[in-house]
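Chemist: This structure is in structure tokens; I'll ask about it shortly.
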Amino acid sequence: MYVEAESFLEEIGLELEVVKSLAEETTTKSFFLGPKNSQTGPALRGDTDIMEKHIKLLEGRPSQELYKLLSKRISEHMNPQ
């Protein structure tokens with residue numbers, strides 16, 4: 001995931017360092033609260049408008065399919081039927 005993030009950030013002229021605080025906070029919360037209790041984001045909320053924007057932003061990148069898969073899995077885990 002970090003390799004994908006670094007590649008994407010380099011394409012837009014940024015370094016991986018810009019997401020360091022977010023990555024550290026996410027990891028800490030996941031171990032403190034547990035992964036399900038610390039999950040946030042558009043897949044959890046079912047915000048398909050934002051997810052579609054993200055998918056378009058990733059167009060042509062292998063990570064687009066990864067984003068779709070992870071979003072689906074988050075939704076399944078958080079909203080089991």
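The values are calculated or read from the model by the stated rules, or taken from the named source; none is laboratory data. All of these numbers come straight from a predicted model, not from anything done at the bench. Heavy atoms of the whole protein, side chains included, go into the accessibility calculation; ligands, DNA and RNA do not. Shrake-Rupley method; radii C 1.70, N 1.55, O 1.52, S 1.80 Å.
Chemist: For region 36-81, build the convex hull from the C-alpha positions and give me its volume per residue in Å³.
Modeler: 67
Chemist: Could you tell me what percent of the accessible area of the chain is made up of carbon and sulfur, with a 1.4 Å probe and every protein chain present?
Modeler: Taking all protein chains in place, the chain shows 58 percent carbon and sulfur surface.
Chemist: Quick one: accessible area per residue over the chain, 1.4 Å probe, rounded to a whole number of Å²?
Modeler: Spelled out: the 1.4 Å probe surface of the chain, per residue, equals 80 Å².
Chemist: If you don't mind, there's one more thing I want to ask. For the chain, list log₁₀ I(q)/I(0) at each q in 0.12 Å⁻¹, using the Debye formula over Cα point scatterers of equal strength and ignoring solvent, two decimals each.
Modeler: -0.40
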